[in-house]
1. Highest first, please rank the peptides 47-56, 8-17 by the mean number of other Cβ atoms sitting within 10 Å of their residues.
2. Kindly express, to the nearest 10 degrees and within the range 0 to 90, the angle between helix 351-360's C-alpha long axis and the longest C-alpha principal axis of the chain.
3. Can you work out the FRET efficiency for the pair residue 360 and residue 55, with r the C-beta to C-beta distance and R0 = 45 Å, to the nearest 0.05?
4. Only counting other Cβ atoms within 10 Å, I'd like 191, 317 sorted with the fewest neighbours first.
5. Order of 105-113, 223-231 by packing, highest average Cβ count within 10 Å first?
6. Would you please give the FRET efficiency between residue 416 and residue 277, computed as 1/(1 + (r/R0)^6) with r the Cβ-Cβ distance and R0 = 35 Å, to the nearest 0.05?
7. In the P(r) worked out for region 225-313, what percent of Cα pairs fall beyond 23 Å?
8. Before rounding to the nearest 500, sum -39500 (n - 2.57) across all DSSP H runs of length at least 4 in the chain and divide by the residue total; then give [θ] at 222 nm in deg cm²/dmol.
Ligand SMILES: NC(=O)c1ccc[n+]([C@@H]2O[C@H](COP(=O)([O-])OP(=O)(O)OC[C@H]3O[C@@H](n4cnc5c(N)ncnc54)[C@H](OP(=O)(O)O)[C@@H]3O)[C@@H](O)[C@H]2O)c1
């Protein structure tokens, strides 16, 4: 078997940032694309995914499998880490049986066979892929040791057998949905794949909601992603009771919209206050879709290792400050969490620096689902592009305000909201606006504002 021959190298911009894409031809025929982020040389094991082409899942977004979701999640994880490679193997449709045979196997599945028996009924192998070529491509890239992103034990054995050291195996846990859960369970039961993170799977999916109008025009800046703040409030403007309880202010359909918004964004961000109070998982479960990168602002690393936001269901980045102990950072990194250190601010970490880190990691859009502290910091610094508010038909009186003190004295200096979009669910009304804070920022610049908490 000859060595892979590199035939082209070009930068490809993706929703997860730019990847240097190097194309290799191998003697057995197919072309391999290596989507590279960062420097792959050196002794540190490289985060790597070997992804087999699945036209229906990858390109058409088919919900029969989780290939497209795994592809996008892997690119996100590699982008968040800042170093890694996704080797895309063309010509390996349907675990190697080819596109047309895969479609024929789908027909068998519609007649009652599972994904294994469907191939067997057609006289086709259940697994017809070999990982030697992919391993050789890794070697051609200078990769000696990998942290392999996969749920498939056969891939681990194949890559190891082809001479690449497997430092560790990192699961690509996608949130299962109603259309692929049977397929994923079969792969788990009959092929030893890891199970999807399906413990919170909704048995019925929220009817498909198009959130593009709510999301507005996604337009990232050079130095930060497009920032969308989303919260659920009572009719009297509270996001939690006086004791901090917020489960659930809004109805199920409104929460389904939140999941659709998560699936539409590259990252979802909260402050550590929301993590310690609510322990949210921040994944996509109520609609089909990939969970975004989860981001926690936590200046001193109060996030407990047991927090659900750190589970393996999606990638997580914790953004901290120099105030956090190095030992705590190491513990998080050992748990597979990306840790970034940015300058601190009077409220915690510098939100502008945190957003710059996300942008540099390839994040184009971020959905902020944090509490009042984070919302107030972002609005106060003019870092919000879109505001989405689910208003529930409830009144709770004293409680947590959605937005804290912005120092506004004159109404004319307040933040204006334009370009309204409205979505009505069975219980709640969701309204979205572009944020126009020019008058507010001008008042801040001219000193016409009170300092937070100061009385006139
Ligand atoms: N209804 C809803 O939609 C909704 C959504 C989310 C939360 N909530 C409710 O809100 C409450 C939690 O509120 P919260 O204000 O504590 O949550 P938060 O805004 O998510 O978290 C605040 C914490 O984040 C950290 N942080 C780091 N950098 C920050 C910065 N630049 N600005 C602000 N905070 C920064 C701070 O802790 P360090 O100083 O330790 O870093 C701060 O105490 C809970 O009761 C929860 O139920 C409601």
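1. Packing order, densest peptide first, comes out as 47-56, 8-17.
2. 20
3. That pair, residue 360 with residue 55, gives E of 0.90.
4. Going from least to most buried by this count: 191, 317.
5. 223-231, 105-113
6. So, using R0 = 35 Å, E works out to roughly 0.70.
7. 24
8. Taken over the chain, the calculation gives -8000 deg cm²/dmol.
Every number in this text was worked out from the coordinates using simple rules, so none of it is lab data. This is a predicted model, so every value here is computed, not measured. Counting neighbours? That spans all protein chains shown, and the Cβs are built from the backbone with ideal geometry, glycine included.
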